[in-house]
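Have a look at the structure below before the remarks.
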Amino acid sequence: PHLIAYTIVGTAADLEESEQHDVLKYAAGGFRDFTRIAGSSPVMWRDIFLNNADAVLDGLQRFTEDLTVLQRAIRHRDGQTLQDWFTRTRAIRQSIVDAKQAQPENEKLLLKGLK
């Protein structure tokens, strides 16, 4: 999540000023909340990413593939794929929240079982 948050902040910063205003205006608290972790130590996260490069690259590859699926669905106006994706990930998130409230150590097992 840190690498994604840093990237989203950088992408927003590279927009034209009027677009930046719109992003912040319409994203409201969601942008602030999601990118909060981009305020973390750059040195610490640089070291974490470099020391775990293989795992980070694997995660980035999977994330890129998922973004490609979503991009394709939007391009082709495939509402069903988007709805299925959002429904599935919403359920996963809720399961994580529920599991954390019950037993935090079960988070990895839960994610593994939902694939």
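The values are calculated or read from the model by the stated rules, or taken from the named source; none is laboratory data. Since the structure is predicted, the reported quantities are computational estimates derived from the model, not experimental observations. Note that we place each Cβ from the backbone using ideal geometry, even for glycine, and neighbour counts take in every protein chain shown.
So, in the stretch 1-33, how many residues would count as being in contact with a helix residue (DSSP H, G or I) (Cβ under 8 Å, 6 or more places away or on another chain) and either assigned to a helix (DSSP H, G or I) or within 18 Å of Phe63 (Cα to Cα) (or both)?
At the first step, the residues of the stretch 1-33 found to be in contact with a helix residue (DSSP H, G or I) (Cβ under 8 Å, 6 or more places away or on another chain) are 1-6, 8-9, 12-13, 15, 20, 23-24, 31.
Among the residues that remain, those that are also either assigned to a helix (DSSP H, G or I) or within 18 Å of Phe63 (Cα to Cα) (or both) are: 1-6, 8-9, 12-13, 20, 23-24, 31.
Number of matching residues: 14.
Here's the yes/no breakdown for (1) part of a helix (DSSP H, G or I); (2) at pLDDT 90 or above:
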{"position": "Thr35", "(1), (2)": "yes, no"}
{"position": "Trp45", "(1), (2)": "yes, yes"}
{"position": "Asp58", "(1), (2)": "yes, yes"}
{"position": "Val69", "(1), (2)": "yes, yes"}
{"position": "Arg72", "(1), (2)": "yes, yes"}
{"position": "Arg77", "(1), (2)": "no, yes"}
{"position": "Thr87", "(1), (2)": "yes, yes"}
{"position": "Ser95", "(1), (2)": "yes, yes"}
